[in-house]
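Everything below concerns the one structure shown next.
The values are calculated or read from the model by the stated rules, or taken from the named source; none is laboratory data. Just so it is clear, the structure is predicted and the values come from calculations on it, not from any experiment. A quick note on method: Cβ atoms are made from the backbone with ideal geometry, for glycine too, and the neighbour counts reach across all protein chains shown. We work out accessible area using only protein heavy atoms, side chains counted, and drop any ligands, DNA or RNA first. Shrake-Rupley method; radii C 1.70, N 1.55, O 1.52, S 1.80 Å.
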Amino acid sequence: MNKPQAKLITNRSNISYLSGFTGSSGFMLLTKNKNYLFTDSRYIERAKNTIKKGIEIVDVTKVWRNPKELEESWQKILRKHRIKVLGVEEDNLTVAKFKKFKKISKPKNGKIKFTDISGEIESKREIKTGIEIKLIQKSQRINEKAFTEIKKIVQAARRNSNSISEVDLAWKIRELSHKYGAEDIAFEPIVAFGKNSAIPHHQPGEIHLKKDDVVLIDMGVKYKGYCSDMTRTLLPQKPSFRQKEIYTIVLNAQKEAIKKIHAGITGKKADSYSRAIIEKAGYGDYYEHAGGHGIGLDIHESPSLSVNYTKKLKKNSVITVEPGIYIPGEFGVRIEDMILLTAHGNKNLTFS
Ligand code: GLY
Ligand code: MN
């Protein structure tokens, strides 16, 4: 397949990364000399006010009463740049939308060819700029401010059994994130009491906190588009031997991994450090998820810390390190920090 002469960008995070546009409707066309953003009247003002210089806005507002409007402007641009091969994000573009683009992509002398460019922009996004790193750090500072208060609420609720439910605490996370300046939460907060903490991504429910419950909290916010992500497991004031033992294994596994992870090793290798410690302690069967993930505009993005990820980690990537042990019917422990891969190892961006 020939190299694409232009790229159709439909992934919203990629659009935001490339242009600064945050509207929920629109797509980009990247050509050699010029980039275009297609959107409609709902978002034209926002686009004008926020997108990077040099990107041309193509207004397709009237398409609802003139179905040919998009086709005409699209074909004009394809012809102008002599585009015969167009890259598309196959992992994002729906079949229905692809069919529409196929239908309207008919430059004068023959049909256009399509080629997959999935992952190309995501690969660029792995390497964060200084500004992006600052925004991720700020996002995490907000997350930590909220978490500090959440911890106090948990402590108070332990003294007053049955006073707060998982759902209540999840709502507090939302409120506090807003209070400290987040524009949104990065994902539905995970709040799990007692045996629910053994479900890695438990959905908060109506169960109320009891004095001796393990509490697992996984929370993150968005700040200027950038996500944070942190998991903390709070043991009761007088933890059982088993709770302490498992907590210590997970903490050691996480610390050991953070000590060793650096740019240039594969995601598989990065995953293996904490997994080896948990396996050696006899709990390998109780740790069944990936050891971490890239984070940025998306809560989960490239790279991945997992057995199947054989690509190398890059300098200036931000990743999470989040081993866990989950004992069904009893309790679970996960500890998650965000780290920045530097020239000499890594820097922990999580202070709580
Ligand atoms: N903290 C949510 C996740 O990593 O899936
Ligand atoms: Mn995570």
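Pulled fully out, how much extra length does the chain show between K315 and L251, if you take 0.36 nm times their separation in residues and subtract their Cα-Cα distance?
Numbers: separation 64, 0.36 × 64 = 23.04 nm, distance 2.48 nm.
Value of the extension gain: 20.6 nm.
Report relative contact order for the chain in percent, whole number only (criteria: Cα-Cα under 8 Å, sequence separation at least 6). Please report the intermediate quantities before stating the final value.
Numbers: 721 pairs, mean separation 48.7, N = 352.
Relative CO of the chain lands at 14 percent.
Only sites in a loop by DSSP and with at most 12 other Cβ atoms within 10 Å count here; which GluC sites (Glu not before Pro) in the range 196-258 make the cut? Each step should come with its number before you reach the end.
Working: sites: E206, E245, E256; in loops: E206.
Qualifying residues, ordered by number: E206.
With Cβ to Cβ distances under 10 Å as the rule, what net charge do the other residues near S177 carry (K, R +1; D, E -1)? Don't jump to the answer; show the numbers that get you there.
Values: positive: K145, K172, R174, K179, K222; negative: E175, E183, D184.
Residues near S177 contribute +2 overall.
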**Prompt:** How much accessible surface does L93 have with a 1.4 Å probe, in Å² rounded to 10?
**Reply:** 20 Å²
**Residue pairs, from the table K84/K106; K7/K106; K134/K312, whose Cα atoms sit over 21 Å apart** = K134/K312
**Prompt:** Short version: ³J(HN,Hα) in whole Hz for each residue of the range 84-94, in order, from phi by Karplus 6.51 cos²θ - 1.76 cosθ + 1.60 (θ = phi - 60°), x for Gly and Pro, what are they?
**Reply:** 10, 10, 10, x, 10, 8, 4, 7, 10, 6, 6
**Asked** Rounded to the nearest 5, what is the percent of antiparallel bridges among the DSSP beta bridges in the chain?
**Response** 75 percent
**Prompt:** Cross-link partners among lysines for K152, C-alpha distance below 19 Å, same-chain residues fewer than 8 apart left out?
**Reply:** K172, K179, K210, K211, K238
**Item:** Ratio of Rg to Rh over the chain (Cα coordinates, Kirkwood Rh, two decimals)
**Value:** 1.05
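Order R232, R141, R79 by their accessible area, 1.4 angstrom probe, all chains in place, largest first.
Values: R232 30, R141 65, R79 100 Å².
Most to least solvent-accessible, the answer reads R79, R141, R232.
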**Asked** Between rounded, prolate and oblate, where does the range 205-306 land on the alpha carbon gyration tensor, with a ≥ b ≥ c its root eigenvalues, rounded for a/c under 1.5, else prolate if a/b exceeds b/c?
**Response** oblate
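Please list I207, I44, I150 from largest to smallest accessible area, probe radius 1.4 Å, with all protein chains kept in place.
On the way: I207 65, I44 20, I150 0 Å².
Output order, biggest surface exposure first: I207, I44, I150.
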**Prompt:** Taking the Cα centre of the chain as the origin and placing charges on Cβ (Lys, Arg +1; Asp, Glu -1), which of S13, S274, N2 is farthest toward the positive end of the dipole?
**Reply:** N2
**Prompt:** Which loop chymotrypsin sites (Phe, Trp or Tyr not before Pro) in the range 244-352, with loop taken from DSSP, have no more than 12 other Cβ atoms within 10 angstrom of their Cβ?
**Reply:** F351
**Message:** Per DSSP helix of 4 or more residues, -39500 (n - 2.57); summed, then divided by the residues of the chain. What does that give at 222 nm, rounded to the nearest 500?
**Reply:** -11000 deg cm²/dmol
